[in-house]
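Beneath this line is the structure, given in structure tokens, with notes to follow.
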Amino acid sequence: MLAPQNAKTRSVLVSGASIAGPALAYCLDRYGFDVTVVERADAIRRGGYPIDVRGSAIDVVERMGVLAKLRSAHIDTRKLTFVDAEGNQIAAIAPEALSGGVTDRHIELPRGALTSVLYDLTRDRQVRYRFDDCIGALRDDGAGVDVRFASGTEQRFDIVIGADGMHSNTRALVFGPEAKFNRYLGFCFNLFALPNDLGLSYEAVVHAEPGRLAGVYAVGDSPVLQGFLNFAVDEPPFHSHADIGAQRRRTAEIFSHGGWQIPRLVAAMQRADDLFFDTVSQIHMPRWSCGRVALIGDAAHAPSFLSGQGSSLALVGAYVLAGELAAHADPVEAFAAYERITRPFMEANQALASRKGGSLLMPRTQAELDARNATLAAMQASGLAPSTSEHSGHVHNSLKLPGYTRWLDGQRLP
Ligand SMILES: Cc1cc2nc3c(=O)[nH]c(=O)nc-3n(C[C@H](O)[C@H](O)[C@H](O)COP(=O)(O)OP(=O)(O)OC[C@H]3O[C@@H](n4cnc5c(N)ncnc54)[C@H](O)[C@@H]3O)c2cc1C
């Protein structure tokens, strides 16, 4: 691998401060780039639903020096229970049976905990944050990128990276409307917090009816549960996406009848001030860069939560992109190398969503639900994972990370 170029003079604007953004900012700062991160929210978001770091992403966080910290935040979910309309257990299985996680190559932690660890890493360094702002317009003239922020400030950067999620603003400005790249998987979901008055800890409980899935996730022994109400719908509600009131009403209507704890979940969803509604979709793009602008994480290749791999892909992409930018003076060459190295890995992980998602996690018909119940009962009886999980574990680990062992600040990666 080449030594980093004289990168000190190169300035990078990163849009988005969740997982991909701070991870990239940290690595770039270590390489000596001058890094600014712009985030639409007024602070980083802490707390939230559980996500996974596994496979090749474990090597990334180890090289970033935060593996032990992340391990200490491991949630250690012990049980997934599937119940019928009366709340009777259909099956209870270990989460690894579905996720394909290999124990020492898998950490499950609240999304906000991962974001906080990454953000804190960058705060010890020279990364600048602009919260409560976003890119309003940008113009790439081949030698640099002129950015006008929504706040009105104008600034020129050498490179701009969109790490602003599935609905990326950077992607829309440079590559065109999301509809060109959004592959809708046929479901919508609502996430919201509710009091843990079911006495649950270190577990999730799920109830499915054809085309509808309701559940709660107890993160450790938190007094707050993460509730979800997911439903199948053929036409994605893109047009009313931002209208949270409309989505709330629609979800309440779809779940207006149903067993188990559905009425209680609907009531909690209607009250929630943290309601997060979205479609279950993937992003597929023929290229992740254009000139001096590139995308990472969900903005480039969202795999959907059905894959359980979004955070890991975001970390791997950030690490490789930073390494390639350090290794190449020309960002266009760096972007090409980043894409050549990571695209097969990203696409293989995206493909996991359709393998696992369809009938096992989200049965749409009574026949699919019956088949799912039979599979779960067999898994519980045998203690074995379905054949897909072995395949998943292989895919999660399938990228051998490049070395990038030279850091401008004199430290060496393991
Ligand atoms: C319900 C749910 C469950 C999931 N479960 C899992 C799981 O089990 N395992 C797993 O690995 N992954 C899971 N994921 C996926 C995971 O959360 C994402 O893949 C991951 O967060 C992607 O990180 P990112 O940094 O690319 O984008 P995001 O986390 O989406 O972050 C984008 C950031 O950009 C900011 N932003 C947006 N627009 C702008 C703008 N215009 N200007 C500036 N900033 C902007 C946002 O505020 C946000 O901070 C789940 C996702 C959801 C929604």
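The values are calculated or read from the model by the stated rules, or taken from the named source; none is laboratory data. Here the structure is a predicted model, which is why all the values come from computation and not from measurement. Cβ placement follows ideal geometry from the backbone for every residue including glycine, while neighbour counts extend to all protein chains displayed. Note: accessible area is taken over every heavy atom of the protein model, side chains too, but ligands, DNA and RNA are not part of it. Shrake-Rupley method; radii C 1.70, N 1.55, O 1.52, S 1.80 Å.
So which residues in segment 143-158 are touching a Gly at 6+ places or on another chain (Cβ under 7 Å) and of a type in the set (Gly, Ala, Ser), if there are any at all? Outline the logic, then answer.
Step one: list which residues in segment 143-158 are touching a Gly at 6+ places or on another chain (Cβ under 7 Å), which gives 148-150, 156-158.
Hit for segment 143-158 is 150, nothing else.
Given the conditions (1) within 13 Å of the ligand (Cβ to nearest atom); (2) open to solvent by 10 Å² or more (accessible area, probe 1.4 Å); (3) assigned to a helix (DSSP H, G or I), and given that residue 97 satisfies all but one, which numbered condition is not satisfied?
So residue 97 meets the others, but not (1).
Looking at 185, 138, 118, which one is farther than 27 Å from residue 335 by Cβ and aliphatic (A, V, I, L, M)? Give the derivation first.
On the way: 138 fails: farther than 27 Å from residue 335 by Cβ; 118 fails: farther than 27 Å from residue 335 by Cβ.
Sole residue among the options that is farther than 27 Å from residue 335 by Cβ and aliphatic (A, V, I, L, M): 185.
Any idea which residue in segment 138-151 is surrounded by the most Cβ atoms within 10 Å (Cβ to Cβ), counting only those that are within 19 Å of residue 169 (Cα to Cα) and among the acidic types (Asp, Glu)?
The extreme case among them is 140.
Is it fair to say residue 135 is open to solvent by less than 40 Å² (accessible area, probe 1.4 Å), near the ligand (Cβ under 9 Å from one of its atoms), closer than 16 Å to residue 25 by Cβ and not charged (D, E, K, R)? First the steps, then the outcome.
Details: open to solvent by less than 40 Å² (accessible area, probe 1.4 Å): yes; near the ligand (Cβ under 9 Å from one of its atoms): yes; closer than 16 Å to residue 25 by Cβ: yes; not charged (D, E, K, R): yes.
So residue 135 fits the description; yes.
Could you check segment 307-332 and list, in sequence order, the residues that are assigned to a loop (DSSP other than H, G, I, E, B), open to solvent by 10 Å² or more (accessible area, probe 1.4 Å) and within 9 Å of the ligand (Cβ to nearest atom)? Spell out how you get there, then give the answer.
If we filter segment 307-332 for residues that are assigned to a loop (DSSP other than H, G, I, E, B), which is where we start, we get 307-309, 328-330.
The next check asks that each one be open to solvent by 10 Å² or more (accessible area, probe 1.4 Å); those that pass are 308, 328-330.
Hit for segment 307-332 is 308, nothing else.
For segment 282-293, enumerate the residues that are outside any loop (DSSP other than H, G, I, E, B) and more than 13 Å from the ligand (Cβ to nearest atom).
Initial filter on segment 282-293 (outside any loop (DSSP other than H, G, I, E, B)): 282-283, 289-290, 293.
Listed by number, the residues that qualify are 289, 290, 293.
Quick one: in segment 108-132, of everything that is in contact with a strand residue (DSSP E or B) (Cβ under 8 Å, 6 or more places away or on another chain) and aromatic (Phe, Trp, Tyr), which residue is farthest from the ligand (Cβ to nearest atom)?
Per the stated criteria, the residue is 129.
Give me the residue from segment 20-75 that is assigned to a loop (DSSP other than H, G, I, E, B) and either farther than 25 Å from residue 194 by Cα or free of Cβ contacts under 8 Å to residues at least 40 places away in the same chain (or both) and, out of that set, farthest from the ligand (Cβ to nearest atom). Walk me through how you get there before you give the answer.
Pass one, segment 20-75, residues assigned to a loop (DSSP other than H, G, I, E, B): 32-33, 40-49, 55, 64-66, 73-75.
Cutting the leftovers down to either farther than 25 Å from residue 194 by Cα or free of Cβ contacts under 8 Å to residues at least 40 places away in the same chain (or both) gives us 32-33, 40, 55, 64-66, 74.
Details: 32: 23, 33: 18, 40: 4, 55: 10, 64: 15, 65: 19, 66: 16, 74: 13 Å.
Within segment 20-75, the match that is farthest from the ligand (Cβ to nearest atom) is 32.
Could you give me the residue pairs with C-beta distances under 6 Å whose first residue belongs to segment 151-174 and is under 10 Å from residue 135 (Cβ atoms), whose second residue is near the ligand (Cβ under 10 Å from one of its atoms) and assigned to a loop (DSSP other than H, G, I, E, B) wherever it lies, and which are 6+ apart or on separate chains?
162/168; 164/16; 169/134; 170/164
Restricting to segment 175-212, give me the number of residues that are open to solvent by 40 Å² or more (accessible area, probe 1.4 Å), touching a Leu at 6+ places or on another chain (Cβ under 9 Å) and not in a strand (DSSP E or B).
Filtering segment 175-212 down to residues open to solvent by 40 Å² or more (accessible area, probe 1.4 Å) leaves 177-180, 183-185, 195, 197-199, 201-202, 210.
Now restrict to residues that are touching a Leu at 6+ places or on another chain (Cβ under 9 Å): 185, 195, 197-198, 210.
With the extra rule that they be not in a strand (DSSP E or B), the set shrinks to 197-198, 210.
Here the count works out to 3.
Taking the criterion of being at pLDDT below 95 and of a type in the set (D, E, K, R), would at least one residue in segment 254-270 satisfy it?
No.
Answer yes or no: is there a residue in segment 224-233 that is outside any helix (DSSP H, G or I), away from the ligand (no atom under 15 Å from the Cβ), without any contact (Cβ under 8 Å) to a residue 60 or more places away in the chain and over 29 Å from residue 22 (Cβ atoms).
Scanning segment 224-233, I find at least one residue that is outside any helix (DSSP H, G or I), away from the ligand (no atom under 15 Å from the Cβ), without any contact (Cβ under 8 Å) to a residue 60 or more places away in the chain and over 29 Å from residue 22 (Cβ atoms), so the answer is yes.
Please state which of the following conditions residue 215 fails to meet, knowing it meets all the rest: (1) open to solvent by less than 10 Å² (accessible area, probe 1.4 Å); (2) in contact (Cβ under 8 Å) with a residue 60 or more places away in the chain.
Failed condition: (2).
Condition first: in a loop (DSSP other than H, G, I, E, B) and either out of contact with any Ser or Thr (no Cβ under 6 Å at 6 or more places or on another chain) or more than 8 Å from the ligand (Cβ to nearest atom) (or both). Now tell me which residues in segment 9-19 satisfy that.
First pass over segment 9-19, keeping only residues in a loop (DSSP other than H, G, I, E, B): 10, 16-19.
Scanning segment 9-19 gives 10, 16, 17.
Being within 19 Å of the chain's Cα centre (by Cα), of a type in the set (Gly, Ala, Ser) and within 11 Å of the ligand (Cβ to nearest atom) is the requirement here; does residue 150 meet it? Before the answer, list the steps.
Working: within 19 Å of the chain's Cα centre (by Cα): no; of a type in the set (Gly, Ala, Ser): yes; within 11 Å of the ligand (Cβ to nearest atom): yes.
Spelling it out, it is not the case that residue 150 is within 19 Å of the chain's Cα centre (by Cα), of a type in the set (Gly, Ala, Ser) and within 11 Å of the ligand (Cβ to nearest atom).
Can you go through 282, 261, 270 and tell me which one is surrounded by fewer than 19 Cβ atoms within 10 Å (Cβ to Cβ) and not β-branched (Val, Ile, Thr)? Give the derivation first.
Numbers: 282 fails: surrounded by fewer than 19 Cβ atoms within 10 Å (Cβ to Cβ); 261 fails: surrounded by fewer than 19 Cβ atoms within 10 Å (Cβ to Cβ).
Of the residues listed, the single one that is surrounded by fewer than 19 Cβ atoms within 10 Å (Cβ to Cβ) and not β-branched (Val, Ile, Thr) is 270.
Among the residues of segment 237-248, is any under 23 Å from residue 369 (Cβ atoms) and part of a loop (DSSP other than H, G, I, E, B)?
No, because not a single residue in segment 237-248 is under 23 Å from residue 369 (Cβ atoms) and part of a loop (DSSP other than H, G, I, E, B).
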